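The values are calculated or read from the model by the stated rules, or taken from the named source; none is laboratory data. Worth saying up front: this structure is predicted, and the values here are computed from it rather than measured. Positions of Cβ are generated from backbone atoms using ideal geometry, with glycine treated the same way; all protein chains shown enter the neighbour counts. Note: accessible area is taken over every heavy atom of the protein model, side chains too, but ligands, DNA and RNA are not part of it. Shrake-Rupley method; radii C 1.70, N 1.55, O 1.52, S 1.80 Å.
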Amino acid sequence: MSRVIVVGAGVTGLTCAVRLLENGHRVDVLARDLPLETTSAVAAAIWYPYRALPQDRVTAWSGASYAEFVGLAGEPDTGVRMVTGTEVFEIRQADPWWRAAVPSLDRETALPDGYADGWTFVTPVVEMPVYLRWLQARVEELGGTVTRMNLSGLPTGADVVINCAGLGARLLGADRSVVPVRGQVVYVEQVGLDRWWLDSAAPTYVVPRSTDIVVGGTDEEGDWSRTPVPEIAEAILARAARLVPELEGARVLRHKVGLRPVRPAVRVERVGDVVHCYGHGGAGVTLSWGTADEVVGLVG
Ligand SMILES: Cc1cc2nc3c(=O)[nH]c(=O)nc-3n(C[C@H](O)[C@H](O)[C@H](O)COP(=O)(O)OP(=O)(O)OC[C@H]3O[C@@H](n4cnc5c(N)ncnc54)[C@H](O)[C@@H]3O)c2cc1C
């Protein structure tokens, strides 16, 4: 049993904390932003390996998370549901590189106007505010702690430190290869939608939740602004209504921006007493259980 400090209380840090506690370690989470204030709270969030590399490790991590989410979807208070949806394309596609991570994937023939191909599959949809609260409660129930602390360097005094600082790894991991990729979303009222839609080239996505619908998005590399831009919101809503006409005229509830921690390759690696686990890009939820399992192995 090791004494472990996890830095970061987004989906990556909390999931690592849960897995480490389940494996008998003593765990304290330290974070500048508490779970509902993190980038993770802004995620849409569907299971989908978006803006994360390398392909082989991402496929394996995503597949492990998929299996875990199937189990969590059986527990209503987790905020996880298995939902059918369709990814659409303007040109004919080969199978996706992450095909092995999902149990089934069907070519779609009933496509919206303007699209030439698509695949329909069942994927976890994770209602992040509910899920992050559940993860934090699970950490505490297993005997861990979550404390707000703004660190200027990785802490000492533990057997192992897990660096799950997301974009904060630019400072805490001295790693300038992690960059922000800005994502703006609009929340609209639920209009009775029960399936998700994705056009990742645009990017445009429509993700139904219990009381609202998350509509996105943007993909702006190097932009640090977390202020929603009204013109961008209008463009997102117009693209989404072309994809899903039921959204036309839906009441807008609020706007949000998150900065995805994108790195040329997700870093899951042990260096001395530090295990780095950051750079999950646009797929932090999708990779969360897979990378947490690997971190447990690296802690030993
Ligand atoms: C609009 C949008 C939509 C998205 N949709 C999806 C989706 O559908 N599916 C999906 O899988 N992913 C999605 N993502 C990506 C996902 O949100 C991220 O990959 C994920 O949130 C990364 O989680 P993280 O825990 O690594 O980082 P964060 O959530 O950013 O957490 C980092 C933690 O580190 C802490 N920290 C940083 N620096 C310090 C410091 N100096 N001292 C102390 N603590 C520090 C922070 O306070 C925070 O607690 C989306 C992202 C955006 C922006």
**Request:** Relative to the longest principal axis of the C-alpha atoms of the chain, give the angle of the C-alpha long axis of helix 284-299, reported between 0 and 90° and rounded to the nearest 10°.
**Result:** 20 degrees
**Request:** Would you give the gap between the C-alpha center of the range 1-58 and the C-alpha center of the range 160-191, rounded to a whole Å?
**Result:** 11 Å
**Fill in**
Per residue, accessible area of the chain with a 1.4 Å probe, heavy atoms of protein chains only, in Å², comes to 41 Å²
**Item:** Using θ = phi - 60° and Karplus 6.51 cos²θ - 1.76 cosθ + 1.60, couplings along the range 57-68 (whole Hz; Gly, Pro as x)
**Value:** 5, 5, 4, 5, 4, 5, x, 5, 5, 3, 4, 5
**Request:** Keeping the other protein chains in place, figure out the carbon and sulfur percent of the accessible area of the range 1-101, with a 1.4 Å probe.
**Result:** 51 percent
**Principal axis dimensions, the chain - Cα atoms, whole angstrom, descending** = 58, 38, 35
**Asked** Which percent of the accessible heavy-atom area of the range 211-280 goes to carbon and sulfur, probe 1.4 angstrom?
**Response** 53 percent
**Message:** As I understand it, the dipole of the chain uses +1 on the Cβ of Lys and Arg and -1 on the Cβ of Asp and Glu, about the Cα centre. Which of Leu20, Thr286, Pro112 lies farthest toward its positive end?
**Reply:** Leu20
**Request:** Run the numbers on the range 37-187 and let me know its relative contact order in percent, using alpha-carbon pairs under 8 Å that are six or more apart.
**Result:** 23 percent
**Message:** Can you compute the charge dipole magnitude of the chain about its Cα centre, using +1 on each Lys and Arg Cβ and -1 on each Asp and Glu Cβ, nothing else charged? Give it in debye, rounded to the nearest 20.
**Reply:** 680 debye
**Request:** Count charges around Val274 for me, please; just the other residues with Cβ under 13 Å from its Cβ, Lys/Arg as +1, Asp/Glu as -1.
**Result:** -2
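Where does the chain land at 222 nm, in deg cm²/dmol rounded to the nearest 500, when only DSSP H runs of n ≥ 4 count, each adding -39500 (n - 2.57), divided by all residues?
On the way: 6 runs with 78 residues, N = 300.
Helix contribution divided over all residues of the chain: -8000 deg cm²/dmol.
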**Separation in nanometres of the label points that stand 7 Å from Cα toward Cβ, at Val271 and Ile91** = 3.9 nm
**Complete:** Accessible-area order for Ser210, Ser152, largest to smallest, probe 1.4 angstrom, reads Ser152, Ser210
**Item:** Calculated FRET efficiency for the pair Glu189/Val229, C-beta based, R₀ 22 Å, to 0.05
**Value:** 0.55
**Item:** Karplus-derived 3J(HN,Hα), 6.51/-1.76/1.60, for each residue of the range 37-43, Hz, glycine and proline x
**Value:** 9, 8, 4, 4, 5, 8, 4
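Rounded to the nearest 5, what % of DSSP beta bridges with both residues in the chain are antiparallel?
Counting only bridges with both partners in the chain, antiparallel ones make up about 70 percent.
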**Cut-off of 10 Å, at most 16 other beta carbons, DSSP loop: longest stretch of the chain lacking such trypsin sites (Lys or Arg not before Pro)** = 93-175
**Gap separating the Cα centres of the range 76-135 and the range 195-267, nearest whole Å** = 16 Å
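Leaving out ligands, DNA and RNA, what percent of the accessible area of the range 129-184 is carbon and sulfur, probe 1.4 Å?
So the carbon and sulfur contribution to the accessible surface is 51 percent.
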**Amide proton proximity set for Val266, modelled H, under 5 Å, gap of 5+** = Leu53
**Prompt:** Tally Lys/Arg at +1 and Asp/Glu at -1 over every other residue whose Cβ is under 11 Å from the Cβ of Arg148; what's the total?
**Reply:** -1
**Fill in**
Dipole check, the range 14-171, charges on Cβ (K,R +1; D,E -1), about Cα centroid: among Ala100, Ala43, Thr156 the Cα furthest to the positive pole belongs to Thr156
**Charge dipole (the range 51-205, unit charges on Cβ, about Cα centre) - positive-most of Gly85, Gln184, Thr123** = Gln184
**Prompt:** Roughly how tilted is helix 11-22, in degrees to the nearest 10 and between 0 and 90, from the longest Cα axis of the chain?
**Reply:** 50 degrees
